[in-house]
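Q: Right, I'll just put the structure down here and ask away after.
The values are calculated or read from the model by the stated rules, or taken from the named source; none is laboratory data. Since we're looking at a predicted model, the values are computed, not measured. Please note: Cβ atoms are built from the backbone with ideal geometry, for glycine as well, and neighbour counts cover all protein chains shown.
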Amino acid sequence: MVERLTWSRKAFIAFNYTFLTIVSLMCIIPLVHVLAISFSSSEAAAAGYVKLWPVDWTLSSYEYVAGQAAFLKSMLVTVQRVALGVTINMLITVLIAYPLSKETSVFRPRTFYAWIFVITILFNGGLIPTYMIVKYTGIMDTIWALVLPTAVPVFNVILMLNFFRNLPKELEEAAFIDGAGQWTTLWRVYIPLSMPSLATVTLFAIVGHWNAWFDGLIFMNTPDHYPLQSYLQTIIIRQDFSAMASADLDSLTQISDRTAKAAQIFLGALPILIVYPFLQRFFVSGIVLGSVKE
Amino acid sequence: MLKPKKNVAAASLLCLSLVVSACSNNGDGNQANPSNDKAANSQTTGDEANTSAGNATSEADPQFGKYEPGIELTTVRVIDELKFASGETIDSNQWTRTLEERLGIKVKNNWVVKKDQGQEKMNVTLASGDLPDIFGVNATQLKQLAEAGEIYDLTELYEKYASPLVKEFAEATTNGLAASTFDGKLMAFPAGNATIDNAPILWIRKDWLTKLSLPEPKTMDDVIRIADAFTNQDPDGNGKKDSYGLALNKTLFWTNGGGSFGILEGFMNGYHAYPQSWIKDPGGNLVYGSIQPEMKTALAKLQEMYKNGLIDKEFGVKDEVKEAELASAGRLGMGYGQMWNTLFPLTDSRKNDPAADWQAYPIVSVDSTSASPQTPASSISNYYVVRKDAEHPEALFKMLNLFGELQFDPKTPKEVWQQHSKVDGIEVWQYFPFAVGRPDKNLTIHHNVVAALENKDASALNPEELDAYNNSLAMQEGTGDATNWSYDKVFGKAGSFSVIDKYVTEKLIKSSEYYAAPTATMTDKNATLLKMELETFTKIIMGASVDEFDKFVSDWKKLGGDQITDEVNSWNATK
Amino acid sequence: MSHQAAPAEADARMASLSSGKNQRRSRIPQIPLHLMILPGLLLVLIYNYGPMLGLVIAFQKFVPARGIWDSAWVGLENFRYVMALPDTMQILRNTIVIAFMKMIAQLVVPIIVALLLNEVRKQWFKRSMQTMIYLPHFLSWIILGGILVDILSPSEGILNAGLSWLGIEPIYFLGDNHWFRFVLVASDTWKEFGFNTIVYLAALTGINPTLYEAAIVDGAGRWKQTLHVTLPGMASIIILLSVLSLGNVLNAGFDQVFNLYSPQVYETGDIIDTFVYRIGLEDAQYGVATAVGLFKSIVSLTFISVSYYLAYRLANYRIF
């Protein structure tokens, strides 16, 4: 597409690129800082010398992390969790969003259903009752405890149903006229047309499972079963000195090691850095609708 | 529930039979003799033939007898970052094997959680009702469990089953047994420390003192003079006015949760003020330290120091770790803290600057009356409790006894001690679910290390003391690194424990008098009162009128403080 | 919204998604639709509605050691307790002000950034921007808190260095009651705006390209296209996200405030959640915490229901 570029348009483009560059730089500062710390010596980090560039360059924190069985083990749990959890999330998201995207005249109870789901965003029973339900349903200390209670990502469902509603109704009608049922229509018409939005909610589902840590700590019975973020949480949170037993003196010397923590944080965020650009392939504007039109 | 007792008669008979060794070994009831461990090992095969014996043997020797057949009991674990040798796990390790061999006890961990989330996990476990047989709780949970009638009355079991050594431990904790007693019944076994380990210490960079030819502090005026010199006389010699005289972090007090360095207890104590502590007034009534007039004087002094730039202008937003960055960067020369501060956070200061020589000093007083370092009312890390319908409630004491013997009995062979304590830098002792310890263990280490250094003879030291000794020796010989240094500054001749030793021998320590779980009004109002206190103190230090203090005192009393004081005093009258 | 100004096509789209009276298809079987919802419904009933029974804790003096069945009932005592605290009004005000400012910022900033990104033609640039602005989301407030103390320091921070270069006196951002709330809002936006931006970008991909072509034929410039095609195309998602964000009127962000506040800014920064946390430190008070949570939920539900109802009555549009 050839655009004629007026002077003001050029000025805007220049401004736009500069502005966005500044914004994005501001956004990567913290991660760059964490990265710089992870490559620095621990005493330089403890003195606050490290800003955006490593001081006393060293790989020792990565060597340390690589030697931590717990880190790798929890990484594995997280991979399992994300694979299973995201699959379930996406299936359920699509299956609920489709009927709810119908108009009330077509599917009467849709509003009732929608509210049932929305209310779960607003109300939750709190830690203890949730713990008891997880216990009663017999999934404590299994991967299912990380996956089933969060199986219905209501926010994503609502997002998805809005995206579905924005699809041209003519396509759906054409499908029905061709004799397709609801399942076929969902599968053959809605899903292929919704790649960008599906990619978006998939990303959210991945990130949700990737970042969740509290459920791991509460529902898992041994640190061996912790997903990565739960494990990271146990090493990043500050030590509580009020209950210091004198016998713990030795463990004190390990607290100040910020570099290893930084390395683990960075490694923890890395997979998302890899996955996200991959998902962006589906973000190509207008391509789907354009091709259908032909 | 009382099954073991029924077997007493049978037990005495059986003592004569197959398992003679186990019974006779422990004849004196005090501790096992050195051959005991080996005996226990070799005895296993014999025991297997004896499975029909019930728990008779365990009853014959209440303190160390083995369960025949073995028993299994459940617990839950709140652990630190643990390391394991290959093949070892939290469920199978040196200690689990020893427990089975020596006592016939198999401990099953219902769950294992890292320290930070321990309370949360414990609370959901309590709420969901599936309590393990034996477990450790905090003071509040203990009170709730005792009041709900969920736990076993240990009074008689303690008398009968706890070994003299373990009893000695419990009695030596500060207020531990008293805090475990409800309506005259002992509901828990307190494991923890003497509170002397938490006495405030004044840490100063001695190299800076020397450089600026300043004397060691004798009075509060000295302290302020030193702070002034550290700020204004360029102690680091970089030509810039970028250093501070006194460390301070935003939590202000150690009891306030979190910070162990850059806190104010020691400073306040110099003015005979005892923040957040319950102290006796001249009439014998308990009063809250933070609202006494001495606090006002101390706060006014801090305000002056802050105004003169002796305290980091931004202390109000910095937690301990953030404030310690200044120390690590060589921009801070003095701070009140705890005895372990050279291990954390000051060790990084040493690593960055090998000349940095943080030295522990006793806190000093503003006048001729010596300063009394304040300590908390108690320092119990775990109250061990037993579920009320547990099958073998006495097993708790047997396990405690065993740990006491293997880790603290001088007659235990060194290699056995070592095997259960620390192997190749891995802290094996932490695998044991119900650790106890000599509450003044750290002070003892200091005494023994100093004696050994003087006599140049380390043969009498146990392996843990030997570690400390080697650190100090390395420093003496000038070969020490930052790690050696940080331990030497705690346990060595001039370490922080020499200061604590002085506190103890001169009987200076002033413990808070209230050691029970929070009273009803504390539960309701303390959050509000604490907020007011911190807000007021911080603002005064940063320059608000010192008279705000008077308003705080009257508000504190009005908003529940008087009621709390009443409750504390009526508790004091009936305890 | 610039509803009236929109070209005919966009108008028709809005109409078609808001009302469907002209498109009856009731002959389509409904059983499959119910079946599709069933698994999700069951899971929600078990794992969301099940625990909600535990909200009864709000009316108890709940003691974990006694459990839900044996804890004492206290009626509305927990609610009364919170309302009677001397700081309640201050805390409530802080919470609402902070939460409201955050809602506005989180609505406006992502839309602007999404629109600007939409103008970018270089795909590699657009994609890397998208990834980068999402990154702060992955760092916890513990980490970001430490970084912010450095950046915002009045004596050594880079921001104040910049200000003094402009001749402005250093500002104690984290310790000054005039500034603290702005710091909270700005840093929260900084951390989270990437999330909503992504949603808007996805919405932009759904806009029919023929609408742009038509607009160009009509002689509309970039600005007019944005105004008449792009914004209306995002309208339903914008409305949805704003309404859902009303669910947070009483959530000012515990983790953030907890890691950034200090006694000197309690006055403007102490919020409901941090206060409840401190109450719990004394003695885990689940009853009070649950009562506060329940109160927050009811307020959120009210806000969302009212806006849902208004949208339906006034524009005949169902938000979800």
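Q: Hey, among C:VAL109, C:VAL97, which residue is part of a helix (DSSP H, G or I) and more than 19 Å from A:VAL23 (Cα to Cα)?
A: None of the others qualify; the one that does is C:VAL97.
Q: Which of the residues that make up the stretch B:130-140 are farther than 22 Å from B:VAL107 by Cα and either aliphatic (A, V, I, L, M) or in contact with a strand residue (DSSP E or B) (Cβ under 8 Å, 6 or more places away or on another chain) (or both)?
A: Once the filter is applied, which keeps residues that are farther than 22 Å from B:VAL107 by Cα and either aliphatic (A, V, I, L, M) or in contact with a strand residue (DSSP E or B) (Cβ under 8 Å, 6 or more places away or on another chain) (or both), the stretch B:130-140 yields only B:ALA139.
Q: Can you tell me which residue among B:ASN232, B:ASN238 is of a type in the set (S, T, N, Q), over 24 Å from B:MET268 (Cα atoms) and surrounded by fewer than 17 Cβ atoms within 10 Å (Cβ to Cβ)? Please lay out each step first, then the result.
A: Details: B:ASN232 fails: over 24 Å from B:MET268 (Cα atoms).
Of B:ASN232, B:ASN238, the one residue that is of a type in the set (S, T, N, Q), over 24 Å from B:MET268 (Cα atoms) and surrounded by fewer than 17 Cβ atoms within 10 Å (Cβ to Cβ) is B:ASN238.
Q: Another question about this same structure. Tell me, which helices (runs of 4 or more DSSP H) lie completely within the stretch A:1-116 with 3 or more residues that are of a type in the set (Ser, Thr, Tyr)?
A: Of the helices (runs of 4 or more DSSP H) lying wholly inside the stretch A:1-116, those with at least 3 residues that are of a type in the set (Ser, Thr, Tyr) span A:7-38, A:60-66, A:69-100.
Q: For the stretch A:150-159, name all the residues that are outside any helix (DSSP H, G or I) and either in contact with a Cys (Cβ under 8 Å, 6 or more places away or on another chain) or buried (at least 23 other Cβ atoms within 10 Å of the Cβ) (or both).
A: Result: A:VAL152, A:PRO153.
Q: I'd like to know if the stretch A:234-244 contains one or more residues that are more than 30 Å from B:HIS446 (Cα to Cα), crowded, with 19+ Cβ neighbours inside 10 Å, modelled with pLDDT of 50 or more and within 8 Å of chain B (Cβ to nearest Cβ).
A: Scanning the stretch A:234-244, I find at least one residue that is more than 30 Å from B:HIS446 (Cα to Cα), crowded, with 19+ Cβ neighbours inside 10 Å, modelled with pLDDT of 50 or more and within 8 Å of chain B (Cβ to nearest Cβ), so the answer is yes.
Q: Looking at B:VAL499, B:VAL546, which is the one that is closer than 28 Å to B:ASP312 by Cα, touching a residue at least 24 places away in the same chain (Cβ under 8 Å) and assigned to a loop (DSSP other than H, G, I, E, B)?
A: Values: B:VAL499 fails: assigned to a loop (DSSP other than H, G, I, E, B).
The match here is B:VAL546.
Q: A further question on this structure: Here are the criteria: (1) at pLDDT below 90; (2) over 24 Å from the mean Cα position of the chain (by Cα); (3) closer than 26 Å to B:THR195 by Cβ. Tell me which single one B:ASP440 does not satisfy.
A: If we test B:ASP440 against (1) at pLDDT below 90; (2) over 24 Å from the mean Cα position of the chain (by Cα); (3) closer than 26 Å to B:THR195 by Cβ, just (2) comes out false.
Q: To continue, here is another question. If a residue has to be within 12 Å of chain C (Cβ to nearest Cβ) and of a type in the set (D, E, K, R) to count, how many in the stretch A:71-105 make the cut?
A: Here the count works out to 2.
Q: Among the residues of the stretch B:167-178, is there at least one that is aromatic (Phe, Trp, Tyr), part of a strand (DSSP E or B), touching a residue at least 24 places away in the same chain (Cβ under 8 Å) and crowded, with 18+ Cβ neighbours inside 10 Å?
A: No.
Q: Can you name the condition, by its number, that B:ASN110 falls short on among (1) closer than 27 Å to A:TRP213 by Cα; (2) surrounded by fewer than 17 Cβ atoms within 10 Å (Cβ to Cβ); (3) among the polar types (S, T, N, Q)?
A: (2)
Q: Return the pairs, sorted by first residue and then second, in which the second residue is polar (S, T, N, Q) and part of a loop (DSSP other than H, G, I, E, B), the first residue lies in the stretch A:36-52 and is within 14 Å of B:ALA324 (Cβ to Cβ) and free of Cβ contacts under 8 Å to residues at least 40 places away in the same chain, the beta carbons are less than 9 Å apart, and the residues are 6+ apart or on different chains.
A: Final answer for the pair search is A:GLU43/A:SER256; A:TYR49/A:SER40.
Q: Tell me which residues, restricted to the stretch A:122-147, are buried (at least 19 other Cβ atoms within 10 Å of the Cβ) and of a type in the set (Val, Ile, Thr).
A: Matches in the stretch A:122-147: A:ILE128, A:THR130, A:ILE133, A:VAL134, A:VAL147.
Q: Among the residues of the stretch C:42-68, which ones are at the interface with another protein chain (Cβ under 7 Å from one of its Cβ atoms), closer than 30 Å to A:THR104 by Cα and out of contact with any Gly (no Cβ under 9 Å at 6 or more places or on another chain)?
A: Hits for the stretch C:42-68 are C:LEU43, C:VAL44, C:ILE46, C:TYR47.
Q: Another question about this same structure. Can you confirm whether the stretch C:243-252 contains a residue that is within 14 Å of chain B (Cβ to nearest Cβ), among the small types (Gly, Ala, Ser) and either in a helix (DSSP H, G or I) or buried (at least 20 other Cβ atoms within 10 Å of the Cβ) (or both)? I'd like the intermediate steps shown before the answer.
A: Of the stretch C:243-252, the ones within 14 Å of chain B (Cβ to nearest Cβ) are none.
No: the stretch C:243-252 contains no residue that is within 14 Å of chain B (Cβ to nearest Cβ), among the small types (Gly, Ala, Ser) and either in a helix (DSSP H, G or I) or buried (at least 20 other Cβ atoms within 10 Å of the Cβ) (or both).
Q: Being closer than 17 Å to B:LEU157 by Cβ and hydroxyl-bearing (Ser, Thr, Tyr) is the filter here, so list the residues in the stretch B:59-74 that pass it.
A: Passing the criteria: only B:TYR67.
Q: Sticking with this one: For residues in the stretch B:96-109 being within 25 Å of B:GLU150 (Cα to Cα) and within 26 Å of the chain's Cα centre (by Cα), which is nearest to the other protein chains (Cβ to nearest Cβ)? Write out each step before concluding.
A: The initial filter retains those residues of the stretch B:96-109 that are within 25 Å of B:GLU150 (Cα to Cα), namely B:105-109.
This time we only want the ones that are within 26 Å of the chain's Cα centre (by Cα), so: B:107, B:109.
Working: B:VAL107: 14, B:ASN109: 7 Å.
Here the answer is B:ASN109.
Q: With respect to B:GLY266, is the statement that it is under 30 Å from C:GLU282 (Cβ atoms), in contact (Cβ under 8 Å) with a residue 60 or more places away in the chain, crowded, with 17+ Cβ neighbours inside 10 Å and within 14 Å of chain C (Cβ to nearest Cβ) true?
A: Against the criterion (under 30 Å from C:GLU282 (Cβ atoms), in contact (Cβ under 8 Å) with a residue 60 or more places away in the chain, crowded, with 17+ Cβ neighbours inside 10 Å and within 14 Å of chain C (Cβ to nearest Cβ)), B:GLY266 does not qualify.
Q: In addition: Evaluate the following for B:VAL317: is it aliphatic (A, V, I, L, M), at negative phi and at the interface with chain A (Cβ under 8 Å from one of its Cβ atoms)?
A: The answer is no for B:VAL317.
Q: Confirm whether C:LEU204 is at negative phi, within 11 Å of another protein chain (Cβ to nearest Cβ), under 25 Å from the mean Cα position of the chain (by Cα) and in contact (Cβ under 8 Å) with a residue 12 or more places away in the chain.
A: Numbers: at negative phi: yes; within 11 Å of another protein chain (Cβ to nearest Cβ): yes; under 25 Å from the mean Cα position of the chain (by Cα): yes; in contact (Cβ under 8 Å) with a residue 12 or more places away in the chain: yes.
In short, yes.
Q: Working carefully through the options C:SER128, C:SER153, find the one that is within 14 Å of chain A (Cβ to nearest Cβ) and over 26 Å from the mean Cα position of the chain (by Cα). Quick ask: steps written out before the conclusion?
A: Working: C:SER128 fails: over 26 Å from the mean Cα position of the chain (by Cα).
Of C:SER128, C:SER153, the one residue that is within 14 Å of chain A (Cβ to nearest Cβ) and over 26 Å from the mean Cα position of the chain (by Cα) is C:SER153.
Q: Would you check which residues across the stretch B:451-466 are touching a residue at least 12 places away in the same chain (Cβ under 8 Å) and within 22 Å of the chain's Cα centre (by Cα) and list them?
A: B:ASN462, B:PRO463, B:GLU464, B:GLU465
Q: Considering only the stretch A:158-207, state which residues are of a type outside the set (A, V, I, L, M), at the interface with chain C (Cβ under 9 Å from one of its Cβ atoms) and under 22 Å from the mean Cα position of the chain (by Cα).
A: Across the stretch A:158-207, the qualifying residues are A:ASN162, A:PHE163, A:SER194, A:PRO196, A:SER197, A:THR200, A:PHE204.
Q: Sticking with this one: Looking at the stretch B:446-484, which of its residues are surrounded by fewer than 18 Cβ atoms within 10 Å (Cβ to Cβ), of a type outside the set (Asp, Glu) and in a loop (DSSP other than H, G, I, E, B)?
A: Correct list: B:LYS456, B:ALA458, B:SER459, B:ALA460, B:GLY478, B:THR479.
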